[in-house]
1. What is the spin-label model distance, in nm, from residue 1 to residue 50 if the labels are put 7 Å beyond Cα along the C-beta direction?
2. Quick check: residue separation of residue 18 and residue 74 times 0.36 nm, minus the Cα distance between them. What number comes out in nm?
3. With each run of n ≥ 4 DSSP H residues scored as -39500 (n - 2.57), what mean residue ellipticity at 222 nm is computed for the chain after dividing by its residue count and rounding to the nearest 500 deg cm²/dmol?
4. In Å and whole numbers, how far do the C-alpha atoms of the chain stretch along each principal axis, longest first?
5. What ranking of 54, 18, 68 emerges when the number of other C-beta atoms within 10 Å of each C-beta is taken as an exposure proxy, fewest first?
6. Hey, in the GNM for the chain with a 10 angstrom Cα cutoff, which one of 75, 22, 57 fluctuates hardest?
């Protein structure tokens, strides 16, 4: 685990408590080993999405099928947290 951008007072407490031996502390995220600016920094779920049909907000806790609270259309939420209308079975 790498901790970055800590306030100086917090960093001092970490040093006094020897937490800097448990955690790798850096001044900025770019200094962290293996860090890439293109990496996704937030987990995809839970996510608040807009329905592609009516624009109503939809809360998705995980990937799967959801019914829009506005237009009642069925949406497929992908593991990447993108939403698309599901095709009707006819």
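What follows draws every value from the coordinates through simple rules; no lab data is involved. Being a predicted model, the structure only gives us computed values, none of them experimental. No Cβ is skipped: glycine too gets one built from the backbone with ideal geometry, and neighbour counts run over all protein chains shown.
1. If labels sit at residue 1 and residue 50, their model points lie 3.6 nm apart.
2. Result: 14.9 nm gained on full extension.
3. Details: 1 runs with 9 residues, N = 90.
Helices in the chain give a 222 nm mean residue ellipticity of -3000 deg cm²/dmol.
4. 66, 23, 18
5. Taking fewest neighbouring Cβ atoms as first place, the list is 18, 54, 68.
6. 22
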